[in-house]
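Single-structure report; data block below.
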Amino acid sequence: RTFTLKGIACKLNQEGVKQILDEAGLRGKFSFVYTPWIAARNSNLGYAFVRFRNDEFAEECRRLFHGRPFGPAAPDKLCDVSLAKNQNSAADILRQRRRKNRRQDPGIL
């Protein structure tokens with residue numbers, strides 16, 4: 001199942017989100033992370049999608065992060081961990097971006 005982590009530190013990129021999840025003991029418990037990024041602002045949109053391998057792992061993430069700062073965020077910026085409204089949205093967005101990038105540069109995977 002895919003969950004949304006809202007209220008994450010805006011400077012975190014995808015690798016930064018993965019690193020925080022791994023360091024919290026969730027390494028291997030998720031299969032996908034997507035953090036929408038705005039290059040012009042050098043910032044994410046304040047949320048990330050994470051697909052967990054099962055509901056237990058998602059609940060573990062919720063216990064670890066819900067209502068707490070995620071990463072180097074301001075102490076009053078708290079993470080909200082919730083089920084993503086569209087379970088395929090993160091994967092679909094990533095596929096669309098890859099297709100668009102391939103059309104612009106065929107050397108991109």
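The values are calculated or read from the model by the stated rules, or taken from the named source; none is laboratory data. Everything numeric in this text was worked out from a predicted model, so none of it was measured. Please note: Cβ atoms are built from the backbone with ideal geometry, for glycine as well, and neighbour counts cover all protein chains shown. Please note that ligands, DNA and RNA were not included when accessible areas were found on the heavy atoms of the full protein model with its side chains. Shrake-Rupley method; radii C 1.70, N 1.55, O 1.52, S 1.80 Å.
Tabulated data for the structure shown
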read-out: Cβ-Cβ under 9 Å pairs, at least 6 apart or on other chains, the stretch 68-97 side closer than 9 Å to T2 by Cα and part of a loop (DSSP other than H, G, I, E, B), far side modelled with pLDDT of 85 or more and open to solvent by 60 Å² or more (accessible area, probe 1.4 Å); value: A84/R1; A84/R51; Q87/R1; Q87/R51
read-out: Some residue of the stretch 36-46 being modelled with pLDDT of 95 or more and open to solvent by 20 Å² or more (accessible area, probe 1.4 Å); value: no
read-out: Residues being under 14 Å from A84 (Cβ atoms) and not in a strand (DSSP E or B) - total across the stretch 1-38; value: 3
read-out: Candidate set: the stretch 58-81, residues that are open to solvent by less than 50 Å² (accessible area, probe 1.4 Å) and in contact with a helix residue (DSSP H, G or I) (Cβ under 8 Å, 6 or more places away or on another chain); chosen: the one modelled with the lowest pLDDT; value: G71
read-out: Scan of the stretch 14-35 for residues that are surrounded by fewer than 15 Cβ atoms within 10 Å (Cβ to Cβ) and charged (D, E, K, R), ordered by number; value: E15, D22, E23, R27
read-out: Residue list for the stretch 82-104, filter: at pLDDT 90 or above and either surrounded by 13 or more Cβ atoms within 10 Å (Cβ to Cβ) or of a type in the set (G, A, S) (or both); value: S82
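Quick grid of which residues meet (1) within 14 Å of P72 (Cβ to Cβ); (2) under 9 Å from the mean Cα position of the chain (by Cα):
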{"position": "A9", "(1), (2)": "yes, no"}
{"position": "N13", "(1), (2)": "yes, yes"}
{"position": "L21", "(1), (2)": "no, no"}
{"position": "G25", "(1), (2)": "no, no"}
{"position": "F30", "(1), (2)": "no, no"}
{"position": "P36", "(1), (2)": "no, yes"}
{"position": "A39", "(1), (2)": "no, no"}
{"position": "N42", "(1), (2)": "no, no"}
